[in-house]
Amino acid sequence: MAVRFEDKRINEALELLNEVAKDKKAELQNMVTDKYSSLKSVLGEVAEGMQHQARETYEHGKEKIKDLASKSDESVHKNPWQYLGGAAIGFLILGFFLGRSSK
């Protein structure tokens, strides 16, 4: 879409402006690329830190669940009748609510 004017000075000025615009465009693209690469590296570091923290939290939670399961197992072995009675009452209440007629 090259528009030509009859005055050569206008054409030369437009060509000069076009060259300057191309140079500035390349300069701006380089600046933006540098900024985004810096941002990408910072975000990568943050994501890596969060991933490390998530792994530690997962491992800590896994250990807590193992401890809780072990303690529960010990407790059930020591007093099984309390747990059996609790389960029976729970199922009795559940059966009462589910067995009620819908009328």
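Go through (1) 14.0; (2) 22.3; (3) 14.9 and flag the label whose value is the computed Kirkwood radius over Cα pairs in Å for this structure.
Answer by label: (2).
Charges at C-beta only: +1 for Lys and Arg, -1 for Asp and Glu. How large is the resulting dipole of the chain about its Cα centre, in Debye rounded to 20?
The calculation lands at about 800 debye.
In degrees, nearest 10, range 0 to 90: what is the angle between the Cα axis of helix 8-78 and the longest Cα principal axis of the chain?
10
Hey, if you put +1 on the Cβ of every Lys and Arg and -1 on every Asp and Glu Cβ in the chain, which of A87, L14, V42 ends up farthest toward the positive end of that dipole?
A87
Find the lysine pairs in region 8-98 meeting two conditions, Cα atoms under 23 Å apart and a separation of 8 or more places or different chains, and report how many there are. Numbers along the way, then the final one.
Numbers: K8/K22; K22/K35; K24/K35; K25/K35; K25/K40; K62/K71; K64/K78; K66/K78.
For region 8-98, qualifying lysine pairs total 8.
Helix-derived [θ] at 222 nm for the chain: sum -39500 (n - 2.57) over DSSP H runs of at least 4, divide by residue count, nearest 500?
One gets -33000 deg cm²/dmol as the mean residue ellipticity at 222 nm.
Could you tell me how many degrees, from 0 to 90 and to the nearest 10, lie between the Cα long axis of helix 80-99 and the main elongation axis, the longest principal axis, of the Cα atoms of the chain?
70
Every read-out reported here was derived from the displayed coordinates using simple, explicitly stated rules and does not represent laboratory data. On a predicted model such as this, the values are computed, not experimentally measured, just so you know. Positions of Cβ are backbone-derived with ideal geometry, glycine not excepted, and every protein chain shown enters the neighbour counts.
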